[in-house]
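Notes follow once the structure below has been shown.
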Amino acid sequence: MIRVENLTFSYPDGPEVLSDINLDFDMRSTAIIGQNGAGKTTFAKLLKGLLKPFIGDIYIGDTNVRDTSAAMLAGKIGLVFQNPNDQIFKSRVLDEVMFGPLNIKLDKQTARKKAIEALKITGLADKLEVNPHDLSLSEKKLLCMASVLAMDTDIFILDEPTIAQDHTGKETIRKIIQSLKERNKLVMTIIHDMDFAAENFERIIVFNGGKAILDGDASFVFGQKDILQQARVEAPAAARLAEELGLAGTFLTEEELIKDLRQCGERAQL
Amino acid sequence: MQKQSMWSLKFSTAALVLIPTAVGINYIGKLFAGLLKLPLWLDSIGTVLASILAGPIIGALAGAVNNVIYGLTVDPISFVYGITSVAIGLAVGILCYKGWLSSWSKAALAGLIVGLVATIVSTPINIGFWGGQTGNVWGDALYAIVLAKTDSVWLASFLDEIVVDVPDKLLVVLISFAIYRGLPGSVSQMYNNSNKFESLD
Amino acid sequence: MKQISLYADRNSFVHDLDPISKLYYILFSILVPVILPSISVTLICSFLSIILLLLAKVFKKALPVFLLVFIVLITVVIIQGLFRPGNETIFLKIGPAVFYKEGLLYALKVTLRVTDIVGAFLILVLTTKPSDLVESLVRRGLSPRIGYVVISVFQIIPEMTSTMSTIMDAQRARGLETEGNLITRIKAFIPLLGPVVLGSLVNTKERAMALEVRGFNAQGNKTFLNEEKTSVLSKPIQLGLLLIVVMAFVWRLLT
Amino acid sequence: MTKIIADNLKYKYPLSDKLALDNISFKVEKGEFIGIIGANKAGKSTLCQALTGLVPHFYKGAYGGKVFVDGLEVKEHSIAEISLKAGIVFQNPFTQMTGSKMTVYEEIAFGLENLGIAREEMQKQIDHAMELMDIASLKERNPFDLSGGQMQRLAIASIIAMNPEIIVLDEPTSQLDPEGSEEVFLAVQLLSRQGVTVIMAEHKMEKVAKYCDRILLLYNGEIIDFDTPGKIFSRDDLKQYGVVPPIFTSVCRELGVKKSGTDEYPVTLEEARAALGRKVK
């Protein structure tokens, strides 16, 4: 879906933010993790065509991002920004969600249909007529997700989706990611919430100092304790508990850990 | 709830904090207009919004502060035109209080009035300061023509200002009205300084 | 963070002066040429400002501002020279354009007056930290709340400007076109400005609360962290400037 | 010594027809570190604001019952008066900066200037607050140039410098990265050890379990429970209030492993290790 070749980037007069990144994105859902300032958001903006590579190339399908504009890429790749206040401007939830689809030249009927679908997935279907700024921060974040979902792109990038979400909100986002996967979309995220990343994403890439220093499935990545420490990334809670208990292997979720501990218990009883 | 007098000098903190925000909006409006290469200034949206939300005094203060800041940061001449900004703030606040900002057609009319007020206040300043010009290419071209034809500095200067100000203020008031109508209740009621909380005991 | 203030940090006796004396100087520069409206007086005042700008080592920073003003002044010279009512004496003929002496003299007067006033303001603006100016005024009775309002703009504008690029990105990511014909560009204005306005209005609530819990509305006298900047020269300078204004006035009455 | 007393507090925002807080009664003793948890819209922020006078003085609306902070009845005193007793820190560090000060040092001074504190005293209090929040090295920096975690610690320092007995924090780490969050938690813990009474609304249950003495569980504007982390997270019905306990607790609950000698499940990594370790080995 996406091919990144020898990508290097720096802002004018600034130091290098990304250096020599080579990555291929297949259909596996992918989480990019790493400290603030590791270059994650810049990377997402480059994929989205909002910034142009300094050196190197990015291909979305067969299109080189260099040869196209952000507005033209809008129908192919969706990016949900971190702060909903940076994009909400309509006075009705439905209008806000229809804005994107209308921009990519869908007719009004289709745009409305897609918008309502997206609002259903995000659990906001009963709020079509509400003023977006009367929503809570977590609902606003879901609204922004809906406004990108409605554009029905093949690729979705979510920037810190779980910030300000309580348990219910996280469950909703989990379901959104599931349904996107089922519809054969590539889902990517930039995230600090390691528990959520470990549970919901197949592939994890660790950024540190502008380089992709680790790349693999979640159990591989969270098993590399030394490299994680160097990138100052904390492993998911389940993995930390397993380590404290001296269990062999990497545990990503509560369920995996419980299963293993049960077996341990049974073995002890035998 | 009783409607408070529009001339009250007791401001809530929210209303005061609205002033720097309004100045910021003015600034950003001008910046975006420049970025999009629009042929107008659109640099008083914040002042107009402040007036609509918090009354003529806050609007006038926002106008004054706006020009003081411009004077301190870009162009000292702006200090002098602070009077125009104050007038815009007052005019919008009064019109709004009298119920003029209730429909698109009324808002458009209000925009024209605000443009006229701005022109009437600016013209003497233009004459005193520049001999009547505005620095706007189209306006000044008209000024030159009228001056050559009629010998009236006042008429020329007035027309110079009006062709620039009226379309700009009309659009500014309409944009502000559009934004205001889209505000949720929780934001728009924040700035009125309604007196007391009720008791549930 | 990018600063919007024009203040230039230098070492000079003008910088060391208190802001209030500089306000007196502005008053002086406006009043004297009004009281004695001759070209030579205005010329002297303008020169005085320019010399002070040079001594304060900020003349280079003043140039762009003067340039901005002079662009307008050029049109004044042209239009007044050509069309000013009362133009009689031909001064210069360039092709079909005829410049008259009366109009040009008038334009010269406007130019000098503007230079004088802009120069005086620039001395204040370029050599005084905005916060020092406002603090001085607050000490002299300006409401601290209004003082806060003025000073906070200097930080709020850069903050808002920096969200501008994020908003551009966010809306372009949703397919908004920001280039193209006039209609396209006009259509882009609201989706771009809307989030700044709404976001900043929502922020005013939290900022107002944060201020109130830090005693913004406390009764009683306020104190200041920084000591007031004073100079032994302040009083003599302020008195001297006032004296000149009064003398100019008397001179005007007598002659 | 009791620092906070809420007695049947009720509150309704203007333009709303539903009580945001209802029948809220509890007491907090000096030096306690209290966590407020609950789903979004449970009333956490409103309660935080009610402890510092913003509810009702800033919002107006309708108010009933009584709240005392350090002996002062909130309803009867201005926000400025209450701020000497109880300070509050919000979610977003940006909006808490006054925007009128050029350095960290001056930013902290803002509140003290408003209160009319004498200069020497002011400097002492600022230095103390900077040291507690570990930001003394940032003294001359522009507040807006700081990282999120640094800025939030500056916000806390600005409140601490005013010497309140109580500090209320409304989800202070929700916008920060893990590193910034940890910085803030450690700083707040330090405050609590100095005898300051801390009230913190928070979503990160792992942290709440680790740092808080007691937890107030809110749902729909009402108090469901107010007890130790062990007791709260051992409740069987937590999920129905939109709260999920730390993973450590769920794992132990699933395996039926309790803290030795109690009827509670472990809530922190250390407790879980201690309890499970016996089983694994």
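The values are calculated or read from the model by the stated rules, or taken from the named source; none is laboratory data. The model shown is predicted, which means the values in this text are computed figures rather than measured ones. Note that we place each Cβ from the backbone using ideal geometry, even for glycine, and neighbour counts take in every protein chain shown. Just so you know, the surface numbers come from the protein's heavy atoms only, side chains and all, with ligands and any DNA or RNA stripped out. Shrake-Rupley method; radii C 1.70, N 1.55, O 1.52, S 1.80 Å.
The helices (runs of 4 or more DSSP H) found entirely in region D:186-281 that carry 3 or more residues being within 14 Å of chain A (Cβ to nearest Cβ) and surrounded by fewer than 17 Cβ atoms within 10 Å (Cβ to Cβ) are D:269-280. With respect to the conditions (1) open to solvent by less than 60 Å² (accessible area, probe 1.4 Å); (2) more than 21 Å from C:LEU211 (Cα to Cα); (3) touching a Phe, Trp or Tyr at 6+ places or on another chain (Cβ under 9 Å), D:ALA136 falls short on a single one, namely (3).
Across region D:111-133, the qualifying residues are those that are open to solvent by less than 10 Å² (accessible area, probe 1.4 Å) and facing chain C (nearest Cβ under 10 Å), and the one among them that is farthest from C:GLY199 (Cα to Cα) is D:MET122.
Filter region C:1-22 down to the residues that are open to solvent by less than 60 Å² (accessible area, probe 1.4 Å) and not in a loop (DSSP other than H, G, I, E, B) and list them by number. Hits for region C:1-22 are C:VAL14, C:HIS15, C:PRO19, C:ILE20, C:SER21, C:LYS22.
Considering only region B:142-201, state which residues are buried (at least 19 other Cβ atoms within 10 Å of the Cβ), within 14 Å of chain D (Cβ to nearest Cβ) and in a helix (DSSP H, G or I). B:VAL187, the sole residue that qualifies.
A single member of C:GLY240, C:GLY194, C:GLY220 is more than 7 Å from every other protein chain (Cβ to nearest Cβ), free of Cβ contacts under 8 Å to residues at least 12 places away in the same chain and open to solvent by less than 70 Å² (accessible area, probe 1.4 Å), and it is C:GLY240.
Within region A:96-112, identify whether any single residue is in contact with a Gly (Cβ under 8 Å, 6 or more places away or on another chain), farther than 27 Å from A:GLY210 by Cβ, open to solvent by less than 10 Å² (accessible area, probe 1.4 Å) and assigned to a helix (DSSP H, G or I), and answer yes or no. The answer is yes, given that some residue of region A:96-112 is in contact with a Gly (Cβ under 8 Å, 6 or more places away or on another chain), farther than 27 Å from A:GLY210 by Cβ, open to solvent by less than 10 Å² (accessible area, probe 1.4 Å) and assigned to a helix (DSSP H, G or I).
Yes/no per residue for (1) among the aromatic types (Phe, Trp, Tyr); (2) in contact with a Cys (Cβ under 8 Å, 6 or more places away or on another chain); (3) free of Cβ contacts under 8 Å to residues at least 24 places away in the same chain:
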position: C:PHE13; (1), (2), (3): yes, no, no
position: C:SER46; (1), (2), (3): no, no, no
position: C:ALA56; (1), (2), (3): no, no, no
position: C:PHE59; (1), (2), (3): yes, no, yes
position: C:ILE78; (1), (2), (3): no, no, yes
position: C:GLY86; (1), (2), (3): no, no, yes
position: C:ILE90; (1), (2), (3): no, no, yes
position: C:VAL98; (1), (2), (3): no, no, yes
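Evaluating A:MET72 against the criteria (1) in a helix (DSSP H, G or I); (2) surrounded by fewer than 19 Cβ atoms within 10 Å (Cβ to Cβ); (3) modelled with pLDDT of 90 or more; (4) not polar (S, T, N, Q) leaves one unmet condition, (3).
When D:SER100, D:SER16, D:SER78 are checked against the criterion of being modelled with pLDDT under 95, within 14 Å of chain B (Cβ to nearest Cβ), open to solvent by 10 Å² or more (accessible area, probe 1.4 Å) and farther than 30 Å from C:ILE146 by Cα, D:SER16 stands alone in meeting it.
Checking the conditions here, which among C:LEU55, C:LEU43, C:LEU63, C:LEU23 is of a type outside the set (Phe, Trp, Tyr) and within 23 Å of B:GLY131 (Cβ to Cβ)?
Working: C:LEU55 fails: within 23 Å of B:GLY131 (Cβ to Cβ); C:LEU63 fails: within 23 Å of B:GLY131 (Cβ to Cβ); C:LEU23 fails: within 23 Å of B:GLY131 (Cβ to Cβ).
Just one listed residue meets the conditions, C:LEU43.
Do we have C:LEU142 as under 22 Å from B:ASP140 (Cα atoms), of a type outside the set (Asp, Glu), out of contact with any strand residue (DSSP E or B) (no Cβ under 7 Å at 6 or more places or on another chain) and surrounded by fewer than 19 Cβ atoms within 10 Å (Cβ to Cβ) here? So C:LEU142 does not fit the description; no. Screening B:GLY59 against (1) within 10 Å of chain C (Cβ to nearest Cβ); (2) over 30 Å from C:PHE66 (Cβ atoms) leaves a single unmet condition, (1).
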